[in-house]
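Structure first, commentary second.
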Amino acid sequence: MKVLVTDPIADPGLDRLREAGHEVQTDYDVEGDALLDAVSDANALIVRSGTDVSRSVFEAADDLVIVGRAGIGVDNIDIEAATDHGVIVANAPEGNVRAAAEHSVAMTFATARSIPQAHGRLKGGEWAKGAFLGTEVNNKTLTIVGLGRVGQEVAKRLDSLGMDLVVYDPYISEERADRLGAELVDDLHEALGRGDFATIHTPLLPETEGMIGEDELAQLEGGYLINCARGGIVDEDALAEAVDDGVVAGAALDSFAEEPLPDDSPLLDVEDVVLTPHLGASTEAAQENVAVDTAEAVIAAFNGEPVLTALNAPSVDETAFPRIEPYIAVAETAGKVAAQLLDGRITSVEVTYEGDIAEEDVDLVTASALKGVFEPLEWQVNAVNAPRLAEERGIDVTESKTRQTDDFQSIVRVTVNNGDDSLSVEGTLFAGEDPRIVRIDGFRVDAVPYGHMLVARNTDEPGVIGLVGTVLGDHGVNIAGMYNARETQGGEALTVYDLDHDVPDEAIETLLADSRIIEVTEITLDDEAAREAEL
Ligand code: NAD
Ligand code: MLT
């Protein structure tokens, strides 16, 4: 598989990909048409914040499976477009948290004690001892906006240096703040008003863009602002003015609305603003961590394993994956068979779990069932975009679970409905590993999923199975297996034939011409999951 890397990542990440047998192409600073060209045959794209992964990238990259972000922020990646194209987006959310937190603490001291300004003056030959009177953090109040991974690490560090903590984060529990000895305040202005220092740790979202503007800076009057999160959250013009006018005592920024920071940025002209060029994650340890974590995510995606850091795909616990993994193919197969057996437009899909499997987190299994249902409709679908496609096309999806099951340890049932009729297909695992279709539309079968299958419904009369065998034989179609069920003696029967070839139309016509045959449907399970299911 080909992995295109368009922002520099640490060597251990590149080595890990090569060790796993993948081709790695590094193409740093590539953009515009050159990026579209480079990504056109890539199976994975790895970026940091320097590559704009817009919708056009996904449109140009038919074979793309995953975009890996070697870091936390994904505001440079169009996740909607990725999901539309069935491409996983995964970040590396843990590896640089400590580095970012340490940088935020360093920037707090840098601005409180004017360290860069004093350093500059001394290097310029001036002993400016009387020019700087700093502020201690001890006994001061720190307002933390966004108490996520980085915010919590900053809280721990600055708490231990004697600061009181106030938090504004509308999405966290009181308990999280309590655990850190912080007071959760539900109004941003109040939180800023209480702080001597305010440090920002939210993602850049439409909701947080421009969140700290003139009014908010006025609340922080006489305090210091630190932003090592993302540019765009703080209004840079307003901040430059607030510091210049003395409304805010000082500021320290590591990230900017436009990077590199333009030469005409007003921030460059204000003495009490400390700036670093997006260095929060720039430690050796952090860069190695995120590079290796991203490589592992890419390798998992290539191997069809769950990507634990995926932002747009159903997640699954690493320890639970071995228990649910075999049911992914079962669900997909049941979905495929059900969709091919039911005529008409599908309006709803129900995925039911019975027995042991009902204990598990089955989001990924349900997404795979939907993939199975939609694939015969020739939608460009995978487990990433299947739930989205269902929603967009107005198809109701329900999931139900029960611990009870009659005959099997676990059952996955996919029921498709077209508004008038519904049809269910049940699958399970024999001996814990062999996929079987065990019920079709109420008929109890033991069918091994196979690349080509024929499902025939007929009256339960002598000679019908012989007829099907003869007609298929006449057209050179070999039967690999056969699984028969009937309602009652002489009632309706359903037979599943596993075939080594597809069935010519004339064979179907000949079969349908016989009065004993009610319906014959050819089923194709020819994708990888189905092939894996073949014995
Ligand atoms: P996270 O997702 O763990 O935490 C973000 C927190 O922000 C969450 O608790 C969330 O509830 C909160 N939040 C969301 N919307 C909010 C709002 N409107 N008001 C207040 N709080 C809100 O993210 P993280 O891993 O802690 O990263 C935090 C930020 O730091 C991100 O922007 C990330 O990109 C950035 N970052 C920068 C560097 C760097 O090099 N400078 C390094 C790492 C992370
Ligand atoms: C991040 O979001 O992880 C940081 O911005 C680090 C980076 O990639 O520079």
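The values are calculated or read from the model by the stated rules, or taken from the named source; none is laboratory data. Not measured: the values here are computed from a predicted model. For neighbour counting, all protein chains shown are included, and Cβ atoms are generated from backbone atoms with ideal geometry for every residue, glycine included. Quick note on the areas: whole protein, heavy atoms, side chains included, nothing else; ligands and nucleic acids left out. Shrake-Rupley method; radii C 1.70, N 1.55, O 1.52, S 1.80 Å.
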Give me the pairs: first residue in the stretch 435-461 and in the same structural domain as H501 (by TED's automatic domain parsing), second residue among the small types (G, A, S) and surrounded by fewer than 22 Cβ atoms within 10 Å (Cβ to Cβ), beta-carbon distance under 6 Å, and six or more apart or on different chains, which are they? F443/A485; R444/A485; V445/A485; V448/G481; D460/G490; D460/G491
For the stretch 299-318, indicate whether the set of residues that are under 19 Å from R48 (Cα atoms), within 11 Å of ligand 2 (Cβ to nearest atom) and modelled with pLDDT of 95 or more is non-empty. no
Being in the same structural domain as F256 (by TED's automatic domain parsing) and of a type outside the set (D, E) narrows it down to one of A101, A20, so name that one. A101
Return yes when E94 is among the acidic types (D, E) and either within 16 Å of ligand 1 (Cβ to nearest atom) or in contact (Cβ under 8 Å) with a residue 24 or more places away in the chain (or both) and no when it is not. yes
Are any residues in the stretch 189-212 more than 16 Å from ligand 2 (Cβ to nearest atom) and part of a strand (DSSP E or B), and if so, which ones? F197, A198, I212
Out of the stretch 449-470, which residues are open to solvent by 10 Å² or more (accessible area, probe 1.4 Å), out of contact with any helix residue (DSSP H, G or I) (no Cβ under 8 Å at 6 or more places or on another chain) and not small (G, A, S)? H452, R457, T459, D460, E461, P462, I465, T470
Given the residues G210, G222, G193, G232, which is the only one that is open to solvent by less than 20 Å² (accessible area, probe 1.4 Å), out of contact with any Pro (no Cβ under 9 Å at 6 or more places or on another chain) and either modelled with pLDDT of 95 or more or of a type outside the set (D, E, K, R) (or both)? G232
Taking the residues in the stretch 293-311 that are assigned to a helix (DSSP H, G or I) and touching an Asp or Glu at 6+ places or on another chain (Cβ under 9 Å) as candidates, determine which candidate is farthest from ligand 1 (Cβ to nearest atom). I299
State whether one or more residues within the stretch 116-127 are over 31 Å from the mean Cα position of the chain (by Cα), among the acidic types (D, E) and open to solvent by 70 Å² or more (accessible area, probe 1.4 Å). yes
Here is a list of conditions, (1) surrounded by fewer than 19 Cβ atoms within 10 Å (Cβ to Cβ); (2) touching a residue at least 12 places away in the same chain (Cβ under 8 Å); (3) touching a Leu at 6+ places or on another chain (Cβ under 7 Å); (4) under 30 Å from E80 (Cα atoms), and D421 meets all of them except one; can you say which number that is? (4)
Number of the condition not met by I226 [criteria: (1) within 16 Å of ligand 2 (Cβ to nearest atom); (2) part of a loop (DSSP other than H, G, I, E, B)]: (2)
Tell me the residue from A238, A281 that is surrounded by fewer than 23 Cβ atoms within 10 Å (Cβ to Cβ), in contact (Cβ under 8 Å) with a residue 24 or more places away in the chain and within 18 Å of L204 (Cβ to Cβ), please. A238
Being open to solvent by less than 10 Å² (accessible area, probe 1.4 Å), assigned to a helix (DSSP H, G or I), in the same structural domain as E325 (by TED's automatic domain parsing) and not hydroxyl-bearing (S, T, Y) is the requirement here; does V412 meet it? no
Let me spell it out: the conditions are (1) within 17 Å of H278 (Cα to Cα); (2) more than 16 Å from ligand 1 (Cβ to nearest atom), and G86 meets all of them except one. Which number is the exception? (1)
